[in-house]
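Engineer: Here it is: the structure, laid out below.
What follows is calculated from the coordinates using simple rules that are stated; it is not laboratory data. What you see is a predicted model; the values in this text were computed from it and never measured. Here Cβ is always computed from backbone atoms with ideal geometry, including for glycine, and neighbour counts include all displayed protein chains.
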Amino acid sequence: MSVGSANAGATAKLVKNILALKKSISLLHLAPTLLAIARVESPSSFRGRSHWDQVHERIESCEVAISESVANCTNPFQTQNRFGSRALAVRESRFKLTLDFSTASEGLYDLDADPGEQKPLLEGAEKPVRRRLLERAREHLRQSTADRDPLTRARSQLRDLRVGDLHLGDRRLGNHRLTDPGSADLARAI
């Protein structure tokens, strides 16, 4: 049996076990899990962790799945669609909380009663669940802000904005020479 077919079999087992458990795994954990299947160590820069052992052994987990995106983004390959307010979803096996920062709105859904997420629960319903999921969202936002690397973020934003005539070789940004040491450090980092 080749390594490729063994990994394909492991991936198929992963999907089958996730479906059998009705377990949600955040996309944050997808790459580390797939790397674990391939017996490759995840880079330390990855925020997620492998769930392969839990899924492989069909161990239930109470961990929530979190997804985050740009609200109303229809095509992330178009630069202008990557800028805007965020949308965040926090999901347990039965409940899902959605937060749309562009409209300052939230919706709590009972996925057993409303699997298509057509009608959010009334504001006062399931207060302990709402509180728990809001706390997980707050913790996620706090952690992602704390882990953010400002140079990587600046590099990404400059790339996305396609800033003028960026010449790193002679440290020029548009028609302006980068002379202050902080700007030079930023240009080298980019």
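Engineer: Where the only charges are on Cβ atoms (+1 Lys, Arg; -1 Asp, Glu), what is the dipole of the stretch 64-148 about its Cα centre, to the nearest 20 debye? If you can, show how the numbers build up before the last one.
Structural biologist: Working: 14 positive and 13 negative charges, 56 e Å.
Dipole of the stretch 64-148, to the nearest 20 debye: 260 debye.
Engineer: Another question about this same structure. Find how much the distance from ARG131 to LEU111 grows on full extension, using 0.36 nm per residue of separation minus their present alpha carbon separation; answer in nm with one decimal. Display every interim value, and only then the final one.
Structural biologist: Working: separation 20, 0.36 × 20 = 7.20 nm, distance 1.71 nm.
Extra length available between ARG131 and LEU111 comes to 5.5 nm.
Engineer: So how far apart, in nm, are the two label points at SER156 and THR74 if each is 7 Å from Cα heading toward Cβ?
Structural biologist: Between SER156 and THR74, the label points sit 2.4 nm apart.
Engineer: Let me ask something else about it. What length, rounded to one decimal in nm, is gained on full extension from ARG142 through to GLU41, with 0.36 nm per residue of separation minus their alpha-carbon distance?
Structural biologist: On the way: separation 101, 0.36 × 101 = 36.36 nm, distance 2.63 nm.
Gain on stretching ARG142 to GLU41: 33.7 nm.
Engineer: Can you put PHE95, PHE101, PHE83 in order, fewest other beta carbons within 10 Å first?
Structural biologist: Working: PHE95 19, PHE101 15, PHE83 11.
By the 10 Å Cβ count, ascending: PHE83, PHE101, PHE95.
Engineer: Can you list the residues, at least 5 places off or on another chain, whose amide H is less than 5 Å from the amide H of PHE95, using H built in the peptide plane?
Structural biologist: Placed amide hydrogens put LEU111 under 5 Å from PHE95.
Engineer: As a footprinting exposure proxy, order THR152, THR33, THR98 by other Cβ within 10 Å, with the fewest listed first. Walk me through the numbers before you get to the answer.
Structural biologist: Values: THR152 12, THR33 22, THR98 19.
Fewest-to-most ranking of THR152, THR33, THR98: THR152, THR98, THR33.
Engineer: Determine, for LEU133, LEU34, the number of other Cβ atoms within 10 Å of each Cβ, and report the residues in order from fewest to most.
Structural biologist: Details: LEU133 24, LEU34 17.
The order, fewest Cβ neighbours first, is LEU34, LEU133.
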